[in-house]
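The values are calculated or read from the model by the stated rules, or taken from the named source; none is laboratory data. Keep in mind the model is a prediction, meaning the values are calculated, not measured. Because the Cβ atoms are built from the backbone with ideal geometry, glycine has one as well, and the counts that use them run over all protein chains shown.
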Amino acid sequence: MFTCSKIYTDIPFAHRQHTHDGHCSLIHGHNWSIKLTFKATELDENGFVIDFGKLKFIRQWIEEHLDHACLFNEDDPLLDTILSAAPHAYKPYVVRRCSCEGLAEHLFGIFTPMVKKATSNRVGITRIDIQEDSRNAGSYTAKT
């Protein structure tokens, strides 16, 4: 199997870890990085797993949904209160878990079908790494 990676860096967005017993329970932001690791059993006509120049659809998705967004867990008990108090102050994006690990799993489910469609099922995603600033990271690896 062949692999290659593409990294999207400096994506500003916030999140709130409502079950955390410390300061992470407050809305706070980071500059995030998303690293996608692609896999294929055969290379394309250029000798690539995937042509990075043809991944604009991923950058567009990130800009539309995550850039300057505020991520919330779907079970956050204050979600409706926070959003209704200032409906135009947030670009909300609700996920099951807004931790690095939870976001990696979520994006795996979003990006994998997009990549498969764009490559006629030749390429998949084997791993997604999410990094908060330069200090903390989590990942999701495809089940085999």
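Is it fair to say residue 120 is polar (S, T, N, Q) and at pLDDT below 95? The answer is no for residue 120. The residue pairs whose first member lies in the stretch 4-28 and is among the aromatic types (Phe, Trp, Tyr) and surrounded by 13 or more Cβ atoms within 10 Å (Cβ to Cβ), whose second member is in a strand (DSSP E or B) and modelled with pLDDT under 95, and whose beta carbons are closer than 7 Å, counting only pairs six or more residues apart or on different chains, are 13/29. Among the residues of the stretch 74-81, are any more than 17 Å from residue 8 (Cα to Cα) and either touching a residue at least 60 places away in the same chain (Cβ under 8 Å) or touching a Leu at 6+ places or on another chain (Cβ under 7 Å) (or both)? For the stretch 74-81, residues more than 17 Å from residue 8 (Cα to Cα) and either touching a residue at least 60 places away in the same chain (Cβ under 8 Å) or touching a Leu at 6+ places or on another chain (Cβ under 7 Å) (or both): present. Residues of the stretch 89-144 that are basic (Lys, Arg) and farther than 23 Å from residue 48 by Cα: 91, 96, 97, 135, 143. When each of 82, 62, 58 is tested for being more than 29 Å from residue 115 (Cα to Cα) and part of a helix (DSSP H, G or I), the lone residue that passes is 82.
Taking first residues from the stretch 116-136 that are part of a strand (DSSP E or B) and partners that are among the acidic types (Asp, Glu), the Cβ contacts under 9 Å between residues at least 6 apart in sequence or on separate chains come to 128/105; 130/101. If you check 80, 75, 44 for being under 21 Å from residue 108 (Cα atoms) and not small (Gly, Ala, Ser), only one passes: 75. Can you go through 111, 72 and tell me which one is within 17 Å of residue 24 (Cβ to Cβ), surrounded by 14 or more Cβ atoms within 10 Å (Cβ to Cβ) and among the aromatic types (Phe, Trp, Tyr)? Just a single option satisfies the conditions, and that option is 72. Across the stretch 29-50, the number of residues qualifying as surrounded by 14 or more Cβ atoms within 10 Å (Cβ to Cβ), farther than 17 Å from residue 121 by Cα and either of a type outside the set (Phe, Trp, Tyr) or in contact with a Cys (Cβ under 8 Å, 6 or more places away or on another chain) (or both) comes to 5.
Residue pairs whose Cβ atoms lie under 7 Å apart, sitting 6 or more positions apart in sequence or on different chains, and linking a residue in the stretch 102-115 that is more than 12 Å from residue 37 (Cα to Cα) to a partner that is of a type in the set (D, E, K, R), are 102/96; 106/96. Here is the figure for the stretch 29-55: residues that are without any contact (Cβ under 8 Å) to a residue 24 or more places away in the chain and in a loop (DSSP other than H, G, I, E, B) total 4.
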